[in-house]
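Right, one structure below, let's go through it.
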Amino acid sequence: MKKDYLNDVFKTLLWTLLFLVLFSFVPEIKVGSFTSRKVDMLSDIRLVKPQLHAEKPDRPVVADSDTLVVKRDTVVRQKKPVHKPNGVVLFEDYSEDGSGLNRFCHALDEVKERPVRIAFLGDSFIEADILTQNIREELQERFGGRGVGYVPMASMTAGFRRTVRHQFDHWSTVSVVNHTKSDKNDIFIAGQYFIPEDGASATFKGISSLKGLSAFGSAKFLFVNRESTEVRLAINKEEARVYNPLSADSLQCIEIDGEISSLDIKLSHPSGFTAFGVYLNDKTGICVDNYSLRGTSGTNLSQVSFSLSREMSRYVDYDLIVLEYGQNVVSKDVYDYRAYTDRMTKVVRHLKECYPDSDILIMGVGDRSRRGTNGFETMPEIYEMIAAQRKIARDTKSVFWDTFMAMGGENSMISYVEHKPVWANKDYTHITHAGGRPIAKKFVEALMYRYNQESGL
């Protein structure tokens, strides 16, 4: 008699399903540093209403004041978002006399005579010009200016970036994130520099799909030429201009002015040459530079060279430096961020020494969710990181902005993922290009509120 294998397969599947269903009732088990993950067979198909008040780790009872001290850390947590009635999430100024953005606001009054430059230093949350492209667009519409600003010689996100067409070949990237033997004399706030190989080239072309980016009035190429490299620059596909810069250890800059829509760079005899990037913008108006490094915590900015920063400020100086970090530090079941707070406090103080004429603004982390037993919900550790970042701003007398509240607060990342068009990826951590726009709108609203206050409007 022929054996019924189909029946055996059916029985095996039935027993497997029964086992998994029973196993889903087993709680998490901890053995040393290992923690088992709870099995939920129906988690991907169950309709779960977001938990607007998910349970948090034990915390002290909220006092009558507007702050409380977190048990496992010495940081201070804001009880309520700082906002005005119409919903603007305001900047929190922790300078002694409330002048934390005065220099930048005064610079805006000079925007028709000179470029007013903002640097955004961050991690993958803003890579490929996400968020900053919308802040740039809104501010340039209000105050004038064109161009994308800083572009590295080489980038892993060049094809993903929508604000410039960027092609490159034969460059090695040296980054503070993935190189332990980087030359600290060549580290500036981008956290990376570029070494050319034979045949090194790079092309930068404006785009017309976004406002103010099809052309610009100035192109700067910053580098150090220690030997005898020849530089060829071609503007708008015209005949290349040949430059033979001095052999020196100091920073040099080639600047070309005019109505520029594309820039081509080619190098010959590249030995001893270090490139830092190009800056494409107008001679007046707003310039927003995106310095993003995937995987960074921000603490490696302590390696930024003071002397190089001062040299660079002759060509590219900043009125405002914005720090967007923290997502790479937040970890499950980690609530003590004192070590990170101490290191970033030193970083902010170091940046203030490197750029003494710049105001410093610290962006808190945005919302980030993970799957719990009741569906996706805000990681409770996010609150401790925000508190740590607020303490960094307080201890360095800087300005803080609550990105988390600007996104909508608790479980806002869920609505970003579910939004059409999609505002965030399904890792429930990173926003999309479209998701940067609502946050940028909130940021510019806060900036304009502060500027109008300063101007007496």
Flag if Ala434 is farther than 28 Å from Tyr94 by Cα and open to solvent by less than 10 Å² (accessible area, probe 1.4 Å) = no
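Could you please find all residues in the range 313-340 being of a type in the set (A, V, I, L, M, F, W, C) and either within 18 Å of the chain's Cα centre (by Cα) or buried (at least 21 other Cβ atoms within 10 Å of the Cβ) (or both)? Explain how you work it out, then say what you get.
Start the filter on the range 313-340 by keeping residues that are of a type in the set (A, V, I, L, M, F, W, C), which leaves 316, 320-323, 329-330, 334, 339.
Listed by number, the residues that qualify are Val316, Leu320, Ile321, Val322, Leu323, Val329, Val330.
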Failed item, numbered, when Ser99 is tested on (1) on the phi < 0 side of the Ramachandran plot; (2) in contact (Cβ under 8 Å) with a residue 24 or more places away in the chain = (2)
Quick one: which of Glu127, Glu141, Glu92, Glu113 is of a type in the set (Asp, Glu), in contact with an Asp or Glu (Cβ under 9 Å, 6 or more places away or on another chain) and modelled with pLDDT of 95 or more?
-> Glu92
State all residues of the range 202-211 that are modelled with pLDDT of 95 or more and open to solvent by 30 Å² or more (accessible area, probe 1.4 Å); if no residue qualifies, say none.
-> Thr203, Lys205
Name the pairs: first residue in the range 295-319 and on the phi > 0 side of the Ramachandran plot, second residue at pLDDT below 95 and of a type in the set (A, V, I, L, M, F, W, C), Cβ to Cβ under 6 Å, at least 6 apart or on different chains?
-> Gly295/Val177
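Considering Arg310, Arg343, Arg371, Arg349, which residue is out of contact with any Phe, Trp or Tyr (no Cβ under 8 Å at 6 or more places or on another chain), outside any loop (DSSP other than H, G, I, E, B), open to solvent by 10 Å² or more (accessible area, probe 1.4 Å) and over 25 Å from Phe188 (Cβ atoms)?
Working: Arg310 fails: over 25 Å from Phe188 (Cβ atoms); Arg343 fails: over 25 Å from Phe188 (Cβ atoms); Arg349 fails: over 25 Å from Phe188 (Cβ atoms).
Only one candidate qualifies: Arg371.
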Subset of the range 228-274, residues buried (at least 16 other Cβ atoms within 10 Å of the Cβ), in contact (Cβ under 8 Å) with a residue 40 or more places away in the chain and over 26 Å from Arg165 (Cβ atoms), comes to Leu251
Report, ordered by the first and then the second residue, all pairs with beta carbons closer than 6 Å, sequence separation of six or more or different chains, a first member in the range 348-370 that is under 23 Å from Val444 (Cα atoms), and a second member that is basic (Lys, Arg) and surrounded by fewer than 20 Cβ atoms within 10 Å (Cβ to Cβ).
-> Asp359/Arg103
Of the criteria (1) part of a helix (DSSP H, G or I); (2) touching a Gly at 6+ places or on another chain (Cβ under 8 Å); (3) under 16 Å from Phe91 (Cα atoms), which one Ala393 fails | (2)
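Just the residues that are of a type in the set (Phe, Trp, Tyr), in contact with a Ser or Thr (Cβ under 9 Å, 6 or more places away or on another chain) and not in a loop (DSSP other than H, G, I, E, B), please, taken from the range 397-454.
Within the range 397-454, the first condition is being of a type in the set (Phe, Trp, Tyr), and the residues that meet it are 400-401, 404, 416, 423, 428, 443, 449, 451.
So of that shortlist, the ones also in contact with a Ser or Thr (Cβ under 9 Å, 6 or more places away or on another chain) come out as 404, 416, 423, 428, 443.
Selection gives Phe404, Tyr416, Phe443.
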Out of the residues in the range 147-193 that are assigned to a loop (DSSP other than H, G, I, E, B) and open to solvent by 70 Å² or more (accessible area, probe 1.4 Å), which is modelled with the lowest pLDDT?
-> Thr180
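The values are calculated or read from the model by the stated rules, or taken from the named source; none is laboratory data. Model, not experiment: these values are computed from the prediction. Every residue, glycine among them, receives a Cβ derived from its backbone with ideal geometry; neighbour counts consider all protein chains shown. Calculation scope for accessible area: heavy atoms of the full protein, side chains included, ligands and nucleic acids excluded. Shrake-Rupley method; radii C 1.70, N 1.55, O 1.52, S 1.80 Å.
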